[in-house]
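The values are calculated or read from the model by the stated rules, or taken from the named source; none is laboratory data. None of these values were measured; they are calculated from a predicted model. Cβ placement follows ideal geometry from the backbone for every residue including glycine, while neighbour counts extend to all protein chains displayed. Just the protein is used for accessible areas: all its heavy atoms, side chains included, with ligands, DNA and RNA removed. Shrake-Rupley method; radii C 1.70, N 1.55, O 1.52, S 1.80 Å.
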Amino acid sequence: MLPEGISKGAVVMPAEPVRRQKRLDRRFLLKLTNALIGWLVPLFIIIAWQTAGALDWLNPILLPTPLSIWHEFVQLTSTGELIRHLGISSWRALLGFLLGGSLGLAAGIWVGFSYKAERLVDPSLQMLRTLPHLAIAPLFILWFGFGETSKILLIAKGSFFPLYVNTFLGIRSVDNRLFDVARVLQFSRWDQIRRLIVPAALPHIFLGIRLSIGVAWLGLVVAELMGASSGIGYIINDARSFSWTTVVFVGIIVFALVGKLSDTLVKWLEGRLLRWQDSYKGDDKS
């Protein structure tokens, strides 16, 4: 005897798969909504900006409209010039980040583990951390010239410190009782690092990676503005000399988009590796 309202040819879906599918649909809609909310403010700024430019409220030489910037972007992309310079800048940023970030991670683990290393190394590193890029860039150019070495080392210098500081703080924030458990289990020093320290410090390490990537792009801009014949920074500096404001805006927007893309990739990887973390995500009602 079939329940009322169900015909003989109807297929009855199990209750649990249906509920699971509904949960997945709600989760997808929530992620899509959150992504769209993030575009509300930029879209509002672009619309207001374009409207003000169309009404001749803005000087097109000082502040061109988004439509003019878009046309310049399409032209630079179609000629292949923008892609070529972006590839050069991305390669410099990647090499500098890998060099500085890996050294910062290693130094953070070493200093975080050893109190003697902290007393010996950390004061000097904290002093070097306060040196601004613009102050040290001329010195790097004097030492290493205008070639790729000075640019990559300047980027590495900036990428080193965020990862070093956050790795150090991540290790020092590990619960001391976990070390007691490691001693009971007779973990070696390598096992402590691999199975205890690094997993517990991963949230801080990922924060350091995100900050290091941001500083790597900042260091790249400084390096290419100080002296370069290629790269997005070179395009911006060259366009500034000829008052090509649209090209300057294209370079700035490209830096912003690529920086946001790299940060999003790290954030996605962080979400995949830290799925076990049950932390406060914010109140969606406020």
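A few comments on the model shown:
- The one condition in (1) in a loop (DSSP other than H, G, I, E, B); (2) surrounded by 14 or more Cβ atoms within 10 Å (Cβ to Cβ); (3) not aliphatic (A, V, I, L, M) that LYS151 fails to fulfil: (1)
- Flag if ILE236 is touching a Ser or Thr at 6+ places or on another chain (Cβ under 6 Å) and either open to solvent by 40 Å² or more (accessible area, probe 1.4 Å) or not in a loop (DSSP other than H, G, I, E, B) (or both): no
- Boolean, ARG129 is more than 18 Å from GLY96 (Cα to Cα) and open to solvent by 20 Å² or more (accessible area, probe 1.4 Å): no
- Scanning the range 137-148 for residues that are open to solvent by 30 Å² or more (accessible area, probe 1.4 Å) and either touching a residue at least 12 places away in the same chain (Cβ under 8 Å) or part of a helix (DSSP H, G or I) (or both) yields PRO138, LEU139, ILE141, LEU142, TRP143, PHE144, PHE146, GLU148.
- Comparison of TRP190, TRP217 shows that the only residue that is part of a helix (DSSP H, G or I) and over 30 Å from ALA256 (Cα atoms) is TRP190.
- Selection over the range 240-258 of residues that are at pLDDT 85 or above and either open to solvent by less than 80 Å² (accessible area, probe 1.4 Å) or touching a strand residue (DSSP E or B) at 6+ places or on another chain (Cβ under 6 Å) (or both) gives a count of 12.
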